[in-house]
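**Student:** Quick one: structure below, then a few questions.
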Amino acid sequence: MANLSAALGGTLLGIDHVGLAVRDLDEAIARWSTTFGLEVSHREINESQGIEEAMLDLADGTRLQLLAPINSESTIAKFLERSGEGMQQLAFRVTDIEEAMANVLSAGMRLIYPESRIGTAGSLINFVHPKDVGGVLVELVQPVDH
């Protein structure tokens with residue numbers, strides 16, 4: 001297994017968010033808000049990915065992303081069918097998505113998409129194939145402010 005930290009070089013800033021697949025977004029927001037006092041900082045529907053999502057902020061700047069399917073063809077719907085509710089991804093914030101992607105490929109790991117895509121709030125994203133990182137879907141995120 002390649003060293004993801006080494007592969008990402010100086011582009012890795014830290015954990016951006018942990019993504020959780022949920023069946024009902026409003027119910028999940030209420031659960032996490034009531035249990036941990038988290039508040040929604042961003043909510044959107046991403047038609048191209050077939051999801052509705054909400055970001056909940058923690059005091060240290062990391063976030064919890066709740067992902068619910070809006071159709072049966074979305075990757076989240078398929079994840080829920082296969083695995084049930086729970087952790088779907090771990091996302092790392094990077095300074096430069098293109099450099100991070102090139103470094104991942106140079107380290108012999110695979111990316112899910114050949115090019116970066118638009119993610120939450122206009123961020124640039126891509127995913128490292130879970131088979132290359134111990135079964136965890138790792139998302140690379142370059143926020144719009146970088």
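**Student:** Using θ = phi - 60° and the Karplus relation 6.51 cos²θ - 1.76 cosθ + 1.60, list the HN-Hα couplings for region 36-52 in order, rounded to whole Hz, with x at every Gly or Pro.
**Tutor:** 10, x, 7, 10, 6, 9, 7, 9, 7, 10, 10, 4, 5, 9, x, 9, 10
**Student:** Run the numbers on region 4-142 and let me know its relative contact order in percent, using alpha-carbon pairs under 8 Å that are six or more apart.
**Tutor:** 27 percent
**Student:** With labels modelled as points extended 7 Å from the Cα through the Cβ direction, what inter-label distance (nm, one decimal) is found for Leu13 paired with Leu105?
**Tutor:** 2.3 nm
**Student:** How large is log10 I(q)/I(0) at q = 0.10, 0.13, 0.15 Å⁻¹ when the Debye formula is applied to the Cα atoms of the chain, each weighted equally and without solvent?
**Tutor:** Listed by q, the Debye log ratios stand at -0.33, -0.56, -0.75.
**Student:** Out of region 50-146, which GluC sites (Glu not before Pro) are coil in DSSP terms and have no more than 13 other C-beta atoms within 10 Å?
**Tutor:** Passing both the DSSP loop test and the Cβ count: Glu73, Glu115.
Bear in mind these aren't lab numbers, they're just calculated from the coordinates by the rules spelled out. Being a predicted model, the structure only gives us computed values, none of them experimental. Ideal geometry is used to build each Cβ from the backbone, glycine not excepted, and the neighbour counts take in all protein chains shown.
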